[in-house]
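Visitor: Structure incoming, see below.
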Amino acid sequence: MRNTVLPRLIRGCFWLLPALTCGGALGAAAAPSPARPVASPAAPSAEQIVAEQPAATSVEQIVAKNTAARGGLDKWRNIASMTVYEHTQSEMPGSGSVAMVIRMKRPSMRRVDTQAGDGFAAEVFDGRRGWKARVSRAHGTKVEPFTGAETSRAAIHADLDSPLIDYAAKGNTVELEGSEPIEGRPAWRLKLTQQGQYIRHVWIDAQSFLEVKIEEFPRIVNNQIHPVNTYYSDYRSVDGLLMPFKIDTRVEGTGVAERTVVDRVGLNSQIENGLFVKPGHGLARAGGLGQSAAGIPPQLLP
């Protein structure tokens, strides 16, 4: 997110491994489901890692086990909307905490509201078009349409569940490229192609079959392109679906990093479609949005 009020967030929401952020001043959750921590297996020794390399298997088996580990295809298909509250802390000196609320609704609508200090921002995608808006005391309210590249990325990030779940039906392709240790544990490396052109890699833990690392879109830092990777951990159960509650993102080769902690997740809460249209018209439509708009500054409402 680029603006002069909020620090740039280096992580792009990938799905629910996506985006996740804090309530606080952005409003209370709509009866979110309590999350239950999932015990992580003890980290193996170096000798065990060498001895317990993943046995040969197919990409279809890996994806099927991943889908089952995340809660199963039927449970994910029963989720029509999701609200995620999280907060992000950059490791850059002088950076404060950023609170975010991410609202997603099928088939492909997504809204991210962000607060840092007295600055607010929103990114809204209605499934075809998108807008970015920010409001501050110094600069007032500014609304701009997404660029073509931002629209394409938004379409990918608007996938409410994992792009690995039911991937063929979404037009995605997945290839198995091999295995390698991630954070000291053996993992499968998958090549994911979305929309026939966007290629990223996903690493699946060979024991839990949960995502542990995802390749994000690269960033330009000091006029150089750097790869960006996100690491997922602290998986917890929310109504039977496993979701990561700790997300570490690193811009490789720069020392730039941030940690996102998920505070709570609400599933199938009521979210009005009116929240996913162009923001910036104040209270004109607020009366029809009900609790969906709780905590959003009037300037960022449709």
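None of the figures in this text is laboratory data; all of them are computed from the coordinates on show. Every value quoted in this text rests on a predicted model; they were computed, and no experiment measured them. Ideal geometry is used to build each Cβ from the backbone, glycine not excepted, and the neighbour counts take in all protein chains shown.
Visitor: Can you compute 3J(HN,Hα) from phi for each residue in the stretch 72-77, using the Karplus curve 6.51 cos²θ - 1.76 cosθ + 1.60 with θ = phi - 60°, rounded to whole Hz and x for Gly and Pro?
Guide: Computed from phi, the couplings for the stretch 72-77 are x, 4, 4, 5, 5, 5 Hz.
Visitor: Hey, another quick one. Measure off 7 Å from each Cα along the Cα-to-Cβ vector at Val221 and Val261, then give the distance between these two points in nanometres to one decimal.
Guide: Label-label distance for Val221 and Val261, simple model: 2.3 nm.
Visitor: Within a Cβ distance under 15 Å of Thr67, other residues only, what is the Lys/Arg minus Asp/Glu net charge?
Guide: Charge balance near Thr67 sits at -2.
Visitor: Hey, another quick one. Quick one: which residues, 5 or more positions from Arg219 or on another chain, have an amide H under 5 Å from its amide H? H modelled 1.01 Å from N in the peptide plane, none for Pro or chain starts.
Guide: Hits under the 5 Å cutoff: His226, Val228.
Visitor: For the pair His139/Thr193, report the inter-label distance in nm, with labels modelled 7 Å from Cα in the Cβ direction.
Guide: 3.9
Visitor: Continuing with this model, one more query. Working out 0.36 nm times the residue gap between Gln89 and Glu183, then minus their Cα-Cα distance, what length gain in nm do you get to one decimal?
Guide: The Gln89-Glu183 span can extend by a further 31.7 nm.
Visitor: Find how many whole Å separate the alpha carbon centroid of the stretch 206-244 from the alpha carbon centroid of the stretch 150-174.
Guide: 15
Visitor: I've got another one for you. Report the gain in length on full extension from Thr147 to Asp118: 0.36 nm times residue separation, minus Cα-Cα distance, nm rounded to one decimal.
Guide: Contour length minus Cα-Cα distance gives 7.8 nm.
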